[in-house]
Amino acid sequence: PGEAVICFQNENGKVFVHHKNCKIAIRQAAQHGNQIINYLWKEHKSHTFPFTIVMEGFDRVGILSEVSEIISGKYNVNIRSVGFESKEGIFTGRIELLVFHIKGAGKVLTELKKIKGMRSAKRLLEE
């Protein structure tokens, strides 16, 4: 929910949803522009979707606690999985959240970037 998407409806009425920047969606839009339909996401309070954040920064005592406090404490977002590793004073982390809407996930990401020593924090779109 909240993602920029393009929807196509085939001749049988079946709807296909693609991320706005998906190569298939771009090709479909060029070839079958008349099949594009509008769709607006609605925010749901019962359905979540995974949102994975990868981050890197200078390791120090309490950094994981600050990350967790922002995610769960300040924004009340559920953490599905966490992985942090530190080598030679630099940490790398990966956190998968369960969010209701992309807006909330974006706020969390913006706040994480403000943590002292955080060099990067970004969404992992594909693996």
Q: Please go through the residue pairs LYS23/LYS74; LYS23/LYS122; LYS87/LYS114; LYS87/LYS116; LYS14/LYS107; LYS23/LYS116 and name each one whose alpha carbons sit more than 28 Å apart in this structure.
A: LYS23/LYS74; LYS14/LYS107; LYS23/LYS116
Q. According to the Kirkwood expression over distinct Cα-Cα pairs, how big is the hydrodynamic radius of segment 47-127, in Å?
A. 12.6
Q) With each pseudo-label sitting 7 Å past Cα toward Cβ, what's the PHE58-LYS116 distance in nm, one decimal? A) 1.0
Q. THR92 to ASN12: FRET efficiency via 1/(1 + (r/R0)^6), r the Cβ-Cβ distance, R0 35 Å, to the nearest 0.05?
A. 0.15
**Q.** Rounded FRET efficiency, nearest 0.05, which uses the C-beta distance separating LEU124 from ILE24 and R0 of 30 Å
**A.** 0.90
Q.
Between LYS107 and THR48, how high is the FRET efficiency from 1/(1 + (r/R0)^6) when r is the Cβ-Cβ distance and R₀ = 22 Å? Nearest 0.05.
A. 0.90
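Read-outs throughout are calculated quantities, based only on the coordinates presented, and are distinct from any laboratory measurement. Here the structure is a predicted model, which means the values were calculated and not measured. All Cβ positions, glycine included, derive from the backbone under ideal geometry; neighbour counts span all protein chains shown.
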